[in-house]
Amino acid sequence: MAAEPKIALVTGANRGIGLEVCRQLAGLGLRVILTARDPRRGAEAARLLGREGGDVTFCPLDVTDPASVDAAQAFVAQQFGRLDVLVNNGAIYPDDSVSLLDVPLATVDETLAVNLYGPLRLCRAFVPEMGRRGYGRVVNVSSSSGQLSTMGGGAGAYAISKAALNALTRVVAAEAGRSVKVNAVDPGWVRTDMGGPGAPRSVAQGADTIVWLATLPDSGPSGGFFRDRRPMDW
Ligand SMILES: NC(=O)c1ccc[n+]([C@@H]2O[C@H](COP(=O)([O-])OP(=O)(O)OC[C@H]3O[C@@H](n4cnc5c(N)ncnc54)[C@H](OP(=O)(O)O)[C@@H]3O)[C@@H](O)[C@H]2O)c1
C-alpha cells in the first residue's frame with residue numbers, strides 16, 4: 001500500500017522562496033498548505049500551483065497575530081487532521097543600511113515579531129503534536145546574516161532576528177524529541193523582492209535545501225544549519 005502523502009505548511013508563501021517551496025513540495029507529492037497574510041494574494045498563489053497540478057490549499061496566516069495562528073492550527077486540524085512538515089519562511093528585512101545604533105526600536109520589535117516570534121508561535125502550535133505522533137520536519141528559513149561566526153555590521157535588526165532564529169532552532173530541536181527534525185537553512189542570495197533582481201540565485205536554487213530538509217529521512221540530521229545541503233557554521 002502506498003504511503004499517505006505528507007502534509008506541509010509554509011508561511012509567507014504568496015511570493016518569493018515560500019511560493020517556490022510550495023511548488024517543489026507539491027511536485028514531490030506532498031499535500032501543501034500555502035499560507036499568506038494577504039488572503040487575495042495567497043488564494044491566487046494556491047490557485048496557480050493547483051493549475052500546475054499540485055495538491056495545494058490556501059489558509060490565511062499572519063505569523064505576528066496569535067488569533068491568526070490559532071485559526072490556522074484549527075484549520076489544519078479540521079481539514080487535514082495533522083501536520084507533518086512546517087516551513088517557517090515568512091520574514092521581513094526592513095533595515096538594510098541602517099546602523100543598529102540608529103534604527104528605531106519599533107523596527108527591531110517589528111522584525112523580531114515576524115522573524116522570531118512568528119516561527120516560535122508556529123513551533124508551539126505544531127511541534128508538540130508532531131512529537132506525540134512520532135513524525136515531524138521543521139525548517140526555519142534563516143540567513144547568512146544570522147551567522148555569528150561571520151557577523152558584521154548592517155541590517156542589525158534582521159541579523160539579530162536570524163541569529164535568534166538559529167538559537168530557537170537548536171532549542172526546539174533539543175526539546176522536540178528524536179522523531180521531529182528541526183533545522184535552519186540559509187537559502188543563499190536569491191532573486192526575490194527581498195533579495196532584489198541582482199541576486200545570483202533563482203528561487204528554485206533557494207528552495208532546494210529547504211525542500212531537502214523538509215523531506216529528510218528518519219536518519220537525517222536535526223539541530224543543524226545548512227546551505228546547499230551541507231552543514232555550515234553557526
Ligand atoms: N532573498 C534572499 O536573498 C534571502 C537570503 C537569505 C535569507 N532569505 C530568507 O528567505 C525567506 C524568504 O525570503 P524571500 O526572499 O522569499 O522574501 P520576500 O520575497 O520578501 O517574501 C517574504 C514573504 O514573507 C511574508 N511575510 C512578511 N510578513 C509576514 C507575516 N507577518 N506573516 C506571514 N508572512 C509574512 C511576505 O508576505 P507579504 O507578501 O504579505 O508581504 C512574503 O510572502 C525569508 O525568511 C528570508 O529572510 C532570503
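The numbers here are math on the coordinates, done by the rules we state, and not lab data. The model shown is predicted, which means the values in this text are computed figures rather than measured ones. Cβ sites come from the backbone with ideal geometry, for glycine too, and all protein chains shown count toward neighbours.
Could you check the simple spin-label distance between Glu175 and Gln78, using points 7 Å along Cα→Cβ, in nm with one decimal?
2.9
Under 8 Å for C-alpha pairs, at least 6 residues apart: give me the relative contact order for region 7-231, rounded to a whole percent.
19
Net charge within 11 Å of Pro104 by Cβ-Cβ distance, Lys/Arg positive one each and Asp/Glu negative one each, not counting Pro104 itself?
Taking every other residue near Pro104 into account, the sum is -4.
Among Gln147, Gln78, Gln205, whose mean-square fluctuation peaks in a Gaussian network model of the chain (Cα, cutoff 10 Å)?
Gln78
I want the antiparallel fraction of DSSP beta bridges within the chain, as a percent rounded to 5.
Antiparallel bridges make up about 5 percent of those DSSP assigns within the chain.
Evaluate the charge dipole of region 167-230 about its Cα centre and quote only its size in Debye, nearest 20, assuming +1 on the Cβ of each Lys and Arg and -1 on the Cβ of each Asp and Glu. List each step's numbers first, then the result.
On the way: 8 positive and 6 negative charges, 27 e Å.
Once rounded to the nearest 20, the dipole reads 120 debye.
Using Cα centres only, tell me the gap between region 52-119 and region 167-234 in whole Å.
Cα centres, region 52-119 to region 167-234: 16 Å.
Please report the net charge: other residues with Cβ closer than 13 Å to the Cβ of Ser202, K and R +1, D and E -1.
Spelling it out: positives minus negatives among the neighbours equals +1.
Only Lys, Arg, Asp and Glu count, each charged at its Cβ (+1, +1, -1, -1), so figure out the dipole size of the chain about its Cα centre, rounded to 20 debye.
For this selection, approximately 660 debye.
Order 33-44, 210-221 from most to least packed using the mean count of other Cβ atoms within 10 Å.
Result, highest mean first: 33-44, 210-221.
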